[in-house]
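Reviewing the structure listed below.
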Amino acid sequence: MLSNFQSLSMKDDPNKIAKWLIEAHGPEDARRMVLARILKAQDDGDNYGLSVWREVRLILAKQADNTGQLDQKAAKDRA
């Protein structure tokens, strides 16, 4: 599941990581994968990785909120 992700460097921009994860795995699996990476970084004591993955998680959450707001607006417009 994460094997293709190994090719991405931790120096990459969290926005690029979030975009790649969504494109490759969809939003739900992207969030699951990020949570797994956050837990691994915590276990490894990797503070840099932890901060990057937390930022990716924040980006994914904001995108989900924006998508939800758009869905609600579209449903309201149809009513």
For the range 20-39, which positions are within 8 Å of the chain's Cα centre (by Cα) and among the hydrophobic types (A, V, I, L, M, F, W, C)?
21, 22, 30, 33, 34
Would it be correct to say that residue 60 is modelled with pLDDT of 95 or more and touching a Pro at 6+ places or on another chain (Cβ under 9 Å)?
yes
Mind listing whichever residues of the range 42-57 are at pLDDT 95 or above, over 13 Å from residue 15 (Cα atoms) and in contact with a helix residue (DSSP H, G or I) (Cβ under 8 Å, 6 or more places away or on another chain)?
42
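The values are calculated or read from the model by the stated rules, or taken from the named source; none is laboratory data. Note that the structure is a prediction, hence the values are computed from the model and not measured. Heads up, the Cβs are rebuilt from the backbone with ideal geometry, glycines too, and the neighbour counts pull from every protein chain shown.
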